[in-house]
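The values are calculated or read from the model by the stated rules, or taken from the named source; none is laboratory data. This structure is a prediction, so every number in the text was calculated from the model and none was measured. Glycine also receives a Cβ, built like all others from the backbone with ideal geometry; neighbour counts cover every protein chain displayed. Quick note on the areas: whole protein, heavy atoms, side chains included, nothing else; ligands and nucleic acids left out. Shrake-Rupley method; radii C 1.70, N 1.55, O 1.52, S 1.80 Å.
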Amino acid sequence: VQLQAYGGGLVQAGGSLRLSCAASGRTFSPYVMGWFRQAPGKEREFVADISLRGASTYYADSVKGRFTISRDNAKNAVYLQMNSLKPEDTAVYYCAAKTGQFFTHTIESFEYWGQGTQVTVSS
């Protein structure tokens, strides 16, 4: 499956952005979908993921209550609504997919990765 993330940009602290990830190449619904991010000089980290039909979601503590992940299997898309953005949310955001268990929320468990989209939050 090929993934392409988009929707990033420059926003002031406290603002909102909605990232989208479009999937192509294979049927979308068998994949657990996730969002990760990588800030300058830091390792890539988990942000959120969502189960096959969207019934279950899981978030990193740093974004819980501010970010919402969702998916639309009919459109082969996954979204990340980001509210109350902080400067520390500045990073390149990546979407990823895996065929494995939803309950493992690690970078290593995800098999497919898209190119990232830059999110910059100014103070």
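For region 15-40, taking the residues that are at pLDDT 95 or above and outside any strand (DSSP E or B), the one that is surrounded by the fewest Cβ atoms within 10 Å (Cβ to Cβ) is identified as Ser16.
Table: residues versus (1) touching a Ser or Thr at 6+ places or on another chain (Cβ under 9 Å); (2) more than 16 Å from Gln115 (Cα to Cα).
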position: Trp35; (1), (2): no, no
position: Thr57; (1), (2): yes, yes
position: Lys75; (1), (2): no, yes
position: Ser84; (1), (2): yes, yes
position: Glu88; (1), (2): yes, yes
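Contact map, region 1-14: residues that are under 17 Å from Gln81 (Cβ atoms) and part of a strand (DSSP E or B) paired with residues that are at pLDDT below 95 and open to solvent by 50 Å² or more (accessible area, probe 1.4 Å), Cβ distance under 7 Å, separation 6+ or inter-chain. Pairs shown: Ala5/Gln115. The lone criterion from (1) in contact (Cβ under 8 Å) with a residue 60 or more places away in the chain; (2) among the aromatic types (Phe, Trp, Tyr); (3) outside any strand (DSSP E or B) left unmet by Tyr93 is number (3). Only residues that are of a type in the set (Gly, Ala, Ser) and open to solvent by 60 Å² or more (accessible area, probe 1.4 Å) were counted in region 85-123, giving 1. The set of residues in region 57-95 that are among the small types (Gly, Ala, Ser) and under 19 Å from Ala23 (Cβ atoms) comprises Ser70, Ala74, Ala77. Among the numbered conditions (1) under 10 Å from the mean Cα position of the chain (by Cα); (2) without any contact (Cβ under 8 Å) to a residue 60 or more places away in the chain, the only one that Leu19 does not meet is (2). What do you reckon, is Ala77 within 18 Å of Gln2 (Cβ to Cβ), in contact (Cβ under 8 Å) with a residue 40 or more places away in the chain, of a type outside the set (S, T, N, Q) and out of contact with any His (no Cβ under 9 Å at 6 or more places or on another chain)? Against the criterion (within 18 Å of Gln2 (Cβ to Cβ), in contact (Cβ under 8 Å) with a residue 40 or more places away in the chain, of a type outside the set (S, T, N, Q) and out of contact with any His (no Cβ under 9 Å at 6 or more places or on another chain)), Ala77 qualifies.
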